[in-house]
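Novice: My questions will all concern the structure given below.
The values are calculated or read from the model by the stated rules, or taken from the named source; none is laboratory data. Keep in mind it's a predicted model, so treat the numbers as computed, not measured. Backbone-built Cβ (ideal geometry, glycine too); neighbour counts: all protein chains shown. Each accessible area value is taken on the protein alone, full model and side chains, heavy atoms only, with ligands, DNA and RNA left out. Shrake-Rupley method; radii C 1.70, N 1.55, O 1.52, S 1.80 Å.
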Amino acid sequence: METKKKTTDRQALPCPHAKKCGGCQLQNMDYPQQLAWKENRVRQLIGRFGPVRPIIGMSTPYHYRNKVQAAFGLDGRRRIISGVYQSSSHRIVPVDKCLIEDETADQIIVTIRSMMPDFRMLAYDERTGTGFLRHVLVKRGFATGQVMVVLVAASPIFKLQKPFISKLLALHPEITTIVLNVNDRFTPLVLGQREKVLYGKGYIEDVLCGKTFRISPRSFYQINPVQTEVLYNTAMDMAGLTGRETVLDAYCGTGTIALIANGRAGKVLGVELNRDAVRDAIANARQNGVTNCWFTAADAGEYMEDMAAHHDRPDVVFMDPPRAGSDERFLRSLLRLSPPRVVYISCNPETLSRDLDILHAGGYTMETAQPVDMFPWTGHVETVCSLSKPHSKHHIEKENTL
Ligand code: SAH
(Lines give C-alpha, C1' and ligand atoms only; values in the text may rest on other atoms or scores of the structure.)
Protein backbone atom coordinates (compact mmCIF):
# COMPACT_ATOMS: atom_id res chain seq x y z
CA MET A 1 0.00 0.00 0.00
CA GLU A 2 2.75 2.32 1.00
CA THR A 3 4.64 1.72 -2.25
CA LYS A 4 1.55 2.42 -4.32
CA LYS A 5 1.03 5.76 -2.55
CA LYS A 6 4.62 6.80 -3.12
CA THR A 7 4.41 6.29 -6.89
CA THR A 8 0.94 7.70 -7.52
CA ASP A 9 1.37 10.73 -5.25
CA ARG A 10 4.76 11.79 -6.57
CA GLN A 11 4.96 15.48 -7.43
CA ALA A 12 7.60 18.23 -7.63
CA LEU A 13 9.24 18.35 -4.21
CA PRO A 14 8.46 21.62 -2.38
CA CYS A 15 12.01 21.95 -1.01
CA PRO A 16 15.06 22.00 -3.32
CA HIS A 17 17.28 20.48 -0.59
CA ALA A 18 14.92 17.61 0.25
CA LYS A 19 17.00 14.79 -1.20
CA LYS A 20 20.34 15.80 0.28
CA CYS A 21 19.02 16.96 3.64
CA GLY A 22 16.75 13.98 4.26
CA GLY A 23 14.97 15.70 7.17
CA CYS A 24 11.52 15.64 5.54
CA GLN A 25 10.68 12.14 4.41
CA LEU A 26 7.16 12.89 3.14
CA GLN A 27 8.00 15.62 0.62
CA ASN A 28 6.45 13.55 -2.16
CA MET A 29 2.99 13.94 -0.63
CA ASP A 30 0.84 17.03 -0.21
CA TYR A 31 -0.32 17.81 3.33
CA PRO A 32 -3.71 16.01 3.28
CA GLN A 33 -1.95 12.94 1.88
CA GLN A 34 0.63 13.07 4.67
CA LEU A 35 -2.13 13.21 7.27
CA ALA A 36 -3.94 10.29 5.70
CA TRP A 37 -0.69 8.30 5.57
CA LYS A 38 0.07 8.96 9.25
CA GLU A 39 -3.45 8.24 10.44
CA ASN A 40 -3.44 5.01 8.50
CA ARG A 41 -0.13 3.98 9.99
CA VAL A 42 -1.38 4.52 13.53
CA ARG A 43 -4.60 2.67 12.75
CA GLN A 44 -2.70 -0.28 11.31
CA LEU A 45 -0.41 -0.49 14.31
CA ILE A 46 -2.82 0.04 17.20
CA GLY A 47 -6.34 -0.14 15.73
CA ARG A 48 -6.71 -3.66 17.13
CA PHE A 49 -6.69 -2.29 20.69
CA GLY A 50 -9.58 0.16 20.27
CA PRO A 51 -10.91 3.18 18.35
CA VAL A 52 -8.46 5.58 16.68
CA ARG A 53 -9.76 9.11 16.10
CA PRO A 54 -9.01 11.08 12.92
CA ILE A 55 -5.55 12.73 13.11
CA ILE A 56 -5.30 16.40 14.14
CA GLY A 57 -3.12 18.24 11.62
CA MET A 58 -1.85 21.83 11.53
CA SER A 59 -3.80 24.56 9.75
CA THR A 60 -0.47 26.00 8.51
CA PRO A 61 2.05 23.17 8.40
CA TYR A 62 5.10 25.37 7.82
CA HIS A 63 7.85 27.02 9.89
CA TYR A 64 6.72 25.26 13.04
CA ARG A 65 10.20 24.46 14.41
CA ASN A 66 11.07 26.85 17.24
CA LYS A 67 14.64 25.53 17.43
CA VAL A 68 16.97 25.86 14.45
CA GLN A 69 20.53 24.71 14.17
CA ALA A 70 23.01 25.41 11.37
CA ALA A 71 26.48 23.97 10.87
CA PHE A 72 29.16 26.38 9.63
CA GLY A 73 32.09 25.39 7.43
CA LEU A 74 33.87 25.99 4.12
CA ASP A 75 33.00 24.84 0.64
CA GLY A 76 35.51 23.51 -1.94
CA ARG A 77 36.50 27.11 -2.79
CA ARG A 78 36.93 27.98 0.90
CA ARG A 79 33.86 30.20 1.05
CA ILE A 80 31.87 30.21 4.27
CA ILE A 81 28.72 28.09 4.11
CA SER A 82 26.00 27.29 6.64
CA GLY A 83 23.31 24.66 6.59
CA VAL A 84 22.58 21.08 7.51
CA TYR A 85 24.70 17.96 7.33
CA GLN A 86 23.90 15.82 4.32
CA SER A 87 22.02 12.76 5.61
CA SER A 88 24.41 10.20 7.08
CA SER A 89 27.51 12.25 6.25
CA HIS A 90 29.44 15.20 7.58
CA ARG A 91 29.23 17.27 4.42
CA ILE A 92 27.35 20.55 4.86
CA VAL A 93 24.46 21.22 2.46
CA PRO A 94 24.07 25.02 2.25
CA VAL A 95 20.54 25.96 3.35
CA ASP A 96 19.27 29.52 3.87
CA LYS A 97 15.55 28.83 4.07
CA CYS A 98 13.71 25.80 5.30
CA LEU A 99 10.05 24.91 4.96
CA ILE A 100 9.66 23.81 8.56
CA GLU A 101 12.08 26.06 10.45
CA ASP A 102 11.18 29.34 12.11
CA GLU A 103 11.75 32.10 9.55
CA THR A 104 13.24 34.61 12.01
CA ALA A 105 15.78 32.01 13.09
CA ASP A 106 16.75 31.28 9.48
CA GLN A 107 17.20 35.01 8.79
CA ILE A 108 19.43 35.47 11.86
CA ILE A 109 21.67 32.61 10.71
CA VAL A 110 22.06 34.14 7.24
CA THR A 111 22.83 37.53 8.81
CA ILE A 112 25.55 36.02 11.01
CA ARG A 113 27.14 34.31 8.00
CA SER A 114 27.14 37.52 5.98
CA MET A 115 28.68 39.48 8.88
CA MET A 116 31.61 37.11 9.35
CA PRO A 117 34.08 38.44 6.74
CA ASP A 118 33.78 42.04 8.05
CA PHE A 119 34.57 40.87 11.57
CA ARG A 120 37.30 38.50 10.40
CA MET A 121 35.42 35.64 11.97
CA LEU A 122 36.50 32.27 10.58
CA ALA A 123 34.26 29.28 10.07
CA TYR A 124 35.50 26.09 11.69
CA ASP A 125 37.27 23.68 9.35
CA GLU A 126 36.60 20.12 10.44
CA ARG A 127 39.50 18.64 8.47
CA THR A 128 42.17 20.82 10.06
CA GLY A 129 40.45 21.60 13.35
CA THR A 130 41.10 25.33 12.82
CA GLY A 131 38.76 28.33 12.69
CA PHE A 132 36.15 29.62 15.12
CA LEU A 133 32.41 29.29 14.43
CA ARG A 134 31.10 25.70 14.29
CA HIS A 135 27.34 26.07 14.67
CA VAL A 136 24.65 28.63 15.35
CA LEU A 137 21.62 27.56 17.35
CA VAL A 138 18.55 29.80 17.54
CA LYS A 139 15.55 29.16 19.80
CA ARG A 140 12.43 31.33 19.74
CA GLY A 141 9.56 31.39 22.21
CA PHE A 142 6.54 31.50 19.91
CA ALA A 143 4.24 32.80 22.65
CA THR A 144 6.67 35.33 24.16
CA GLY A 145 8.64 36.39 21.06
CA GLN A 146 11.92 36.00 22.99
CA VAL A 147 14.88 34.88 20.86
CA MET A 148 18.09 33.18 21.97
CA VAL A 149 21.17 32.95 19.75
CA VAL A 150 23.87 30.46 20.71
CA LEU A 151 27.20 30.82 18.90
CA VAL A 152 29.01 27.50 19.15
CA ALA A 153 32.72 28.14 18.73
CA ALA A 154 35.87 26.04 18.80
CA SER A 155 37.57 28.54 21.12
CA PRO A 156 36.56 30.91 23.94
CA ILE A 157 38.64 33.69 22.38
CA PHE A 158 36.09 35.80 20.53
CA LYS A 159 37.89 38.65 18.78
CA LEU A 160 35.81 41.75 18.03
CA GLN A 161 33.10 40.33 20.27
CA LYS A 162 31.59 43.67 21.32
CA PRO A 163 31.20 45.23 17.85
CA PHE A 164 29.96 41.90 16.46
CA ILE A 165 27.23 41.65 19.11
CA SER A 166 26.23 45.32 18.66
CA LYS A 167 25.91 44.90 14.91
CA LEU A 168 23.90 41.69 15.25
CA LEU A 169 21.52 43.33 17.74
CA ALA A 170 21.15 46.36 15.48
CA LEU A 171 20.17 44.11 12.58
CA HIS A 172 17.93 41.87 14.70
CA PRO A 173 16.47 43.81 17.63
CA GLU A 174 14.19 40.82 18.34
CA ILE A 175 17.16 38.93 19.85
CA THR A 176 16.82 38.90 23.65
CA THR A 177 19.90 36.89 24.61
CA ILE A 178 23.19 35.73 23.08
CA VAL A 179 25.33 32.90 24.49
CA LEU A 180 28.80 31.71 23.50
CA ASN A 181 29.11 27.95 23.80
CA VAL A 182 32.60 26.48 23.52
CA ASN A 183 32.95 23.12 21.84
CA ASP A 184 36.63 22.34 21.24
CA ARG A 185 36.27 18.58 20.79
CA PHE A 186 35.98 16.27 17.81
CA THR A 187 32.41 15.25 18.52
CA PRO A 188 29.14 14.87 16.65
CA LEU A 189 27.42 16.73 19.51
CA VAL A 190 26.64 20.34 18.66
CA LEU A 191 26.99 21.91 22.11
CA GLY A 192 30.02 21.80 24.37
CA GLN A 193 30.02 22.01 28.17
CA ARG A 194 31.32 25.58 28.62
CA GLU A 195 29.05 28.60 28.22
CA LYS A 196 29.34 32.35 28.56
CA VAL A 197 26.41 34.72 28.38
CA LEU A 198 27.33 37.60 26.05
CA TYR A 199 24.04 39.48 26.13
CA GLY A 200 20.76 39.23 28.09
CA LYS A 201 19.77 36.58 30.62
CA GLY A 202 21.24 33.47 28.97
CA TYR A 203 17.83 31.84 28.56
CA ILE A 204 14.41 32.54 27.08
CA GLU A 205 10.94 31.75 28.30
CA ASP A 206 7.88 30.40 26.55
CA VAL A 207 4.28 29.82 27.58
CA LEU A 208 2.60 26.47 27.01
CA CYS A 209 -0.99 25.74 28.14
CA GLY A 210 -0.85 28.79 30.42
CA LYS A 211 2.44 27.82 32.17
CA THR A 212 5.78 29.54 31.73
CA PHE A 213 8.85 27.46 30.90
CA ARG A 214 12.49 28.47 30.96
CA ILE A 215 14.51 27.34 27.96
CA SER A 216 18.31 27.41 28.19
CA PRO A 217 20.76 26.46 25.43
CA ARG A 218 20.88 22.81 26.49
CA SER A 219 17.44 22.21 27.96
CA PHE A 220 14.85 20.10 26.22
CA TYR A 221 11.68 21.78 24.99
CA GLN A 222 9.09 20.57 22.52
CA ILE A 223 9.97 21.89 19.05
CA ASN A 224 6.42 22.46 17.79
CA PRO A 225 4.66 24.40 20.56
CA VAL A 226 1.42 24.89 18.58
CA GLN A 227 0.77 21.17 18.26
CA THR A 228 2.21 20.43 21.70
CA GLU A 229 -0.68 22.41 23.19
CA VAL A 230 -3.12 20.32 21.15
CA LEU A 231 -1.41 17.13 22.30
CA TYR A 232 -1.29 18.06 25.97
CA ASN A 233 -4.85 19.39 26.05
CA THR A 234 -6.00 16.08 24.57
CA ALA A 235 -3.97 14.19 27.17
CA MET A 236 -5.55 16.28 29.96
CA ASP A 237 -9.07 15.64 28.63
CA MET A 238 -8.35 11.91 28.49
CA ALA A 239 -7.09 11.94 32.08
CA GLY A 240 -10.48 13.27 33.23
CA LEU A 241 -8.99 15.03 36.28
CA THR A 242 -11.40 16.47 38.83
CA GLY A 243 -8.96 18.24 41.17
CA ARG A 244 -8.57 15.47 43.75
CA GLU A 245 -6.38 12.89 42.02
CA THR A 246 -2.80 11.86 42.63
CA VAL A 247 -1.05 12.00 39.28
CA LEU A 248 2.27 10.51 38.24
CA ASP A 249 4.11 12.00 35.25
CA ALA A 250 6.57 9.29 34.24
CA TYR A 251 9.44 10.33 31.89
CA CYS A 252 8.57 13.89 32.90
CA GLY A 253 11.53 15.72 31.27
CA THR A 254 11.40 19.37 32.35
CA GLY A 255 8.00 18.85 33.95
CA THR A 256 5.71 20.19 31.24
CA ILE A 257 2.93 17.62 31.60
CA ALA A 258 3.18 17.58 35.41
CA LEU A 259 2.90 21.36 35.66
CA ILE A 260 -0.01 21.52 33.22
CA ALA A 261 -1.82 18.76 35.17
CA ASN A 262 -1.09 20.58 38.41
CA GLY A 263 -4.09 22.93 38.54
CA ARG A 264 -6.44 20.04 37.78
CA ALA A 265 -5.18 17.44 40.28
CA GLY A 266 -4.66 17.11 44.04
CA LYS A 267 -0.99 16.17 43.87
CA VAL A 268 1.45 15.59 41.02
CA LEU A 269 4.62 13.51 41.10
CA GLY A 270 7.18 13.60 38.30
CA VAL A 271 9.99 11.12 37.66
CA GLU A 272 12.79 11.51 35.17
CA LEU A 273 16.22 9.92 34.66
CA ASN A 274 18.09 13.04 33.55
CA ARG A 275 19.19 15.15 36.54
CA ASP A 276 19.51 18.39 34.55
CA ALA A 277 15.93 18.00 33.32
CA VAL A 278 14.74 17.45 36.91
CA ARG A 279 16.54 20.61 37.98
CA ASP A 280 14.73 22.50 35.19
CA ALA A 281 11.42 20.93 36.25
CA ILE A 282 11.88 22.15 39.82
CA ALA A 283 12.80 25.64 38.57
CA ASN A 284 9.75 25.62 36.29
CA ALA A 285 7.50 24.65 39.22
CA ARG A 286 8.91 27.49 41.30
CA GLN A 287 8.55 29.96 38.45
CA ASN A 288 4.86 29.08 38.12
CA GLY A 289 4.22 29.27 41.86
CA VAL A 290 3.35 25.58 41.96
CA THR A 291 3.59 23.91 45.36
CA ASN A 292 1.95 20.51 44.99
CA CYS A 293 4.39 19.00 42.45
CA TRP A 294 7.31 16.80 43.47
CA PHE A 295 10.07 15.78 41.07
CA THR A 296 12.50 12.90 41.49
CA ALA A 297 15.56 11.91 39.45
CA ALA A 298 15.26 8.15 39.03
CA ASP A 299 14.46 5.34 36.66
CA ALA A 300 10.68 5.53 36.22
CA GLY A 301 10.23 1.74 36.54
CA GLU A 302 12.24 1.60 39.75
CA TYR A 303 10.30 4.56 41.15
CA MET A 304 6.98 2.86 40.47
CA GLU A 305 8.20 -0.38 42.07
CA ASP A 306 8.90 1.66 45.19
CA MET A 307 5.46 3.22 45.04
CA ALA A 308 3.82 -0.18 44.67
CA ALA A 309 5.86 -1.54 47.60
CA HIS A 310 4.51 1.31 49.74
CA HIS A 311 0.93 0.82 48.49
CA ASP A 312 1.12 4.33 47.20
CA ARG A 313 -1.12 4.24 44.17
CA PRO A 314 -1.64 7.15 41.75
CA ASP A 315 -5.05 7.59 40.14
CA VAL A 316 -3.61 8.54 36.78
CA VAL A 317 -0.21 7.82 35.24
CA PHE A 318 0.91 9.91 32.28
CA MET A 319 3.74 8.24 30.40
CA ASP A 320 5.73 9.92 27.65
CA PRO A 321 8.70 7.65 26.91
CA PRO A 322 11.44 8.26 24.31
CA ARG A 323 11.18 6.79 20.79
CA ALA A 324 12.39 3.40 21.97
CA GLY A 325 9.22 3.15 24.07
CA SER A 326 9.03 1.78 27.56
CA ASP A 327 11.02 -1.13 28.93
CA GLU A 328 9.90 -4.32 30.56
CA ARG A 329 10.70 -3.12 34.06
CA PHE A 330 8.52 -0.05 33.60
CA LEU A 331 5.59 -1.99 32.18
CA ARG A 332 5.83 -4.70 34.83
CA SER A 333 5.85 -2.15 37.64
CA LEU A 334 3.01 -0.21 36.02
CA LEU A 335 0.92 -3.39 36.00
CA ARG A 336 1.83 -3.98 39.63
CA LEU A 337 0.93 -0.40 40.56
CA SER A 338 -2.30 -0.81 38.62
CA PRO A 339 -3.57 2.78 38.34
CA PRO A 340 -7.21 3.01 37.15
CA ARG A 341 -6.12 5.22 34.25
CA VAL A 342 -3.02 5.50 32.09
CA VAL A 343 -2.50 8.19 29.46
CA TYR A 344 0.24 7.08 27.08
CA ILE A 345 1.85 9.79 24.90
CA SER A 346 3.95 8.23 22.20
CA CYS A 347 6.23 9.58 19.48
CA ASN A 348 6.61 6.19 17.85
CA PRO A 349 3.53 4.08 17.02
CA GLU A 350 5.64 0.95 16.57
CA THR A 351 6.92 0.89 20.14
CA LEU A 352 3.48 2.05 21.31
CA SER A 353 1.93 -1.00 19.67
CA ARG A 354 4.51 -3.31 21.31
CA ASP A 355 3.89 -1.74 24.76
CA LEU A 356 0.11 -1.80 24.35
CA ASP A 357 0.31 -5.55 23.77
CA ILE A 358 1.76 -5.94 27.26
CA LEU A 359 -0.64 -3.49 28.93
CA HIS A 360 -3.58 -5.10 27.17
CA ALA A 361 -2.50 -8.54 28.34
CA GLY A 362 -2.21 -7.03 31.85
CA GLY A 363 -5.90 -6.05 31.89
CA TYR A 364 -5.94 -2.54 30.39
CA THR A 365 -8.38 -1.50 27.69
CA MET A 366 -7.55 1.23 25.22
CA GLU A 367 -10.54 3.56 25.32
CA THR A 368 -9.42 5.86 22.56
CA ALA A 369 -6.33 6.98 20.65
CA GLN A 370 -5.73 10.41 19.13
CA PRO A 371 -2.96 10.84 16.55
CA VAL A 372 -1.55 14.40 16.39
CA ASP A 373 0.74 15.66 13.63
CA MET A 374 3.58 17.37 15.45
CA PHE A 375 6.11 17.16 12.61
CA PRO A 376 4.54 17.89 9.21
CA TRP A 377 6.61 16.78 6.18
CA THR A 378 8.51 14.23 8.25
CA GLY A 379 7.50 10.61 8.82
CA HIS A 380 6.97 11.14 12.55
CA VAL A 381 3.58 10.94 14.20
CA GLU A 382 2.59 11.45 17.82
CA THR A 383 -0.27 9.55 19.44
CA VAL A 384 -1.97 9.99 22.78
CA CYS A 385 -4.13 7.18 24.09
CA SER A 386 -6.12 6.58 27.19
CA LEU A 387 -6.18 3.20 28.89
CA SER A 388 -8.31 2.11 31.77
CA LYS A 389 -8.59 -0.83 34.08
CA PRO A 390 -12.09 -0.82 35.59
CA HIS A 391 -11.45 -3.06 38.59
CA SER A 392 -7.90 -2.07 39.36
CA LYS A 393 -8.64 -1.15 42.99
CA HIS A 394 -10.04 -4.57 43.65
CA HIS A 395 -7.07 -6.07 41.85
CA ILE A 396 -4.46 -4.35 44.00
CA GLU A 397 -6.28 -5.20 47.24
CA LYS A 398 -6.44 -8.81 46.21
CA GLU A 399 -2.77 -8.78 45.33
CA ASN A 400 -1.87 -7.25 48.68
CA THR A 401 -3.60 -9.98 50.61
CA LEU A 402 -1.74 -12.75 48.79
N1 SAH B 1 7.35 14.59 28.93
C2 SAH B 1 8.51 15.41 28.67
C3 SAH B 1 9.72 14.67 28.07
C4 SAH B 1 9.50 13.44 27.28
S5 SAH B 1 10.95 12.89 26.45
C6 SAH B 1 8.13 16.58 27.81
O7 SAH B 1 7.21 16.52 27.03
O8 SAH B 1 8.82 17.59 27.91
C9 SAH B 1 11.32 11.40 27.32
C10 SAH B 1 12.08 11.60 28.61
O11 SAH B 1 12.26 10.33 29.23
C12 SAH B 1 13.48 12.18 28.46
O13 SAH B 1 13.55 13.35 29.22
C14 SAH B 1 14.41 11.09 29.03
O15 SAH B 1 15.51 11.62 29.75
C16 SAH B 1 13.47 10.34 29.95
N17 SAH B 1 13.81 8.93 30.25
C18 SAH B 1 14.35 8.00 29.42
N19 SAH B 1 14.44 6.82 30.04
C20 SAH B 1 13.94 6.97 31.30
C21 SAH B 1 13.75 6.09 32.42
N22 SAH B 1 14.09 4.82 32.35
N23 SAH B 1 13.21 6.61 33.53
C24 SAH B 1 12.85 7.91 33.61
N25 SAH B 1 12.99 8.79 32.58
C26 SAH B 1 13.55 8.33 31.44
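Novice: With the condition kept exactly as written, say whether any residue in segment 22-31 is within 27 Å of Ala143 (Cα to Cα) and modelled with pLDDT of 95 or more. First the steps, then the outcome.
Specialist: Restricting attention to segment 22-31, the residues satisfying the condition of being within 27 Å of Ala143 (Cα to Cα) are 23-24, 31.
Subset that is modelled with pLDDT of 95 or more: 31.
Yes, some residue in segment 22-31 is within 27 Å of Ala143 (Cα to Cα) and modelled with pLDDT of 95 or more.
Novice: Related question: Count, please, the residues in segment 145-166 that happen to be within 27 Å of Glu126 (Cβ to Cβ) and part of a helix (DSSP H, G or I). Walk me through how you get there before you give the answer.
Specialist: Filtering segment 145-166 down to residues within 27 Å of Glu126 (Cβ to Cβ) leaves 148-161, 164-165.
Then keep just the ones that are part of a helix (DSSP H, G or I); that gives 161, 164-165.
Number satisfying all stated conditions: 3.
Novice: Report, by residue number, each residue of segment 48-68 that is crowded, with 19+ Cβ neighbours inside 10 Å and over 16 Å from Val381 (Cα atoms).
Specialist: Within segment 48-68, Phe49, Asn66, Val68 qualify.
Novice: Search segment 311-331 for residues that are modelled with pLDDT of 95 or more and pair each with any residue that is within 8 Å of the ligand (Cβ to nearest atom) and assigned to a helix (DSSP H, G or I) when their beta-carbon atoms are under 7 Å apart and the residues are at least 6 apart or on different chains.
Specialist: Close Cβ pairs satisfying both conditions: Phe318/Ile257; Asp320/Ile257; Phe330/Ala300; Phe330/Gly301.
Novice: Name the residue, out of Leu45, Leu74, that is open to solvent by 30 Å² or more (accessible area, probe 1.4 Å) and either modelled with pLDDT of 95 or more or more than 27 Å from Asp102 (Cβ to Cβ) (or both).
Specialist: Numbers: Leu74 fails: either modelled with pLDDT of 95 or more or more than 27 Å from Asp102 (Cβ to Cβ) (or both).
After applying the criteria, what remains is Leu45.
Novice: State which residue is most open to solvent (accessible area, probe 1.4 Å) when the search covers only segment 218-235 and only residues that are within 10 Å of the ligand (Cβ to nearest atom) and modelled with pLDDT under 95.
Specialist: Among those that are within 10 Å of the ligand (Cβ to nearest atom) and modelled with pLDDT under 95, it is Phe220.
Novice: Suppose we keep only residues that are open to solvent by 40 Å² or more (accessible area, probe 1.4 Å) and more than 10 Å from the ligand (Cβ to nearest atom) within segment 266-282. Which one would you say is nearest to Tyr232 (Cα to Cα)?
Specialist: The qualifying residue nearest to Tyr232 (Cα to Cα) is Lys267.
Novice: Scan segment 176-190 for residues that are modelled with pLDDT of 95 or more and of a type in the set (A, V, I, L, M, F, W, C) and jot them down.
Specialist: Within segment 176-190, Ile178, Val179, Leu180, Val182 qualify.
Novice: Pull out all pairs, ordered by first then second residue, where Cβ-Cβ is under 7 Å, the residues are six or more apart or on different chains, the first lies in segment 236-265 and is near the ligand (Cβ under 8 Å from one of its atoms), and the second is of a type in the set (D, E, K, R).
Specialist: As it stands, the answer is Tyr251/Glu272; Tyr251/Asp320; Cys252/Glu272; Gly253/Glu272; Thr254/Asp280; Ile257/Asp249; Ile257/Asp320, since those pairs meet every condition given.
Novice: On to the next question. Looking only at segment 301-324, which residues are closer than 16 Å to Cys252 by Cα and either more than 12 Å from the ligand (Cβ to nearest atom) or open to solvent by 10 Å² or more (accessible area, probe 1.4 Å) (or both)?
Specialist: Of segment 301-324, the ones closer than 16 Å to Cys252 by Cα are 301-304, 314, 316-324.
Of everything in segment 301-324, those that are closer than 16 Å to Cys252 by Cα and either more than 12 Å from the ligand (Cβ to nearest atom) or open to solvent by 10 Å² or more (accessible area, probe 1.4 Å) (or both) turn out to be Glu302, Tyr303, Pro314, Val316, Val317, Asp320, Pro322, Arg323, Ala324.
Novice: Let me ask something additional. Any residue in segment 89-107 that is in contact (Cβ under 8 Å) with a residue 40 or more places away in the chain and in a strand (DSSP E or B) sitting within a Cβ distance under 7 Å of a residue that is open to solvent by 30 Å² or more (accessible area, probe 1.4 Å) and not polar (S, T, N, Q)? List the pairs, counting only those 6 or more apart or interchain.
Specialist: Val93/His17; Val93/Lys20; Val93/Cys21; Val93/Val84
Novice: Filter segment 239-264 down to the residues that are surrounded by fewer than 24 Cβ atoms within 10 Å (Cβ to Cβ) and in a loop (DSSP other than H, G, I, E, B) and list them by number.
Specialist: Result: Gly240, Leu241, Thr242, Gly243, Arg244, Glu245, Tyr251, Gly253, Gly263, Arg264.
Novice: Identify all residues within segment 325-366 that are away from the ligand (no atom under 12 Å from the Cβ), open to solvent by 60 Å² or more (accessible area, probe 1.4 Å) and in a helix (DSSP H, G or I); write none if there are none.
Specialist: The answer is Arg332, Arg336, Glu350, Arg354, Asp357, Ile358, His360, Ala361.
Novice: Of everything in segment 265-280, what is within 10 Å of Trp294 (Cβ to Cβ) and aliphatic (A, V, I, L, M)? Give them in sequence order. Outline the logic, then answer.
Specialist: Step one: filter segment 265-280 for residues within 10 Å of Trp294 (Cβ to Cβ), giving 267-271.
Val268, Leu269, Val271 - these are the residues of segment 265-280 that are within 10 Å of Trp294 (Cβ to Cβ) and aliphatic (A, V, I, L, M).
Novice: Which of the following residues is more than 18 Å from the chain's Cα centre (by Cα), surrounded by fewer than 17 Cβ atoms within 10 Å (Cβ to Cβ), of a type in the set (Ser, Thr, Tyr) and more than 10 Å from the ligand (Cβ to nearest atom): Thr291, Thr296, Thr212?
Specialist: Numbers: Thr296 fails: more than 10 Å from the ligand (Cβ to nearest atom); Thr212 fails: more than 18 Å from the chain's Cα centre (by Cα).
Within the list Thr291, Thr296, Thr212, the selection yields Thr291.
Novice: So, one more: Pairs needed: first member in segment 288-308, farther than 15 Å from Leu334 by Cβ and in contact (Cβ under 8 Å) with a residue 40 or more places away in the chain; second member anywhere, among the charged types (D, E, K, R) and within 14 Å of the ligand (Cβ to nearest atom); C-beta distance under 8 Å; at least 6 residues apart or different chains.
Specialist: Asn288/Lys211; Phe295/Glu272
Novice: From the residues in segment 367-380 that are within 16 Å of the ligand (Cβ to nearest atom) and part of a loop (DSSP other than H, G, I, E, B), which one is farthest from Met29 (Cα to Cα)?
Specialist: Only one residue fits best here, namely Met374.
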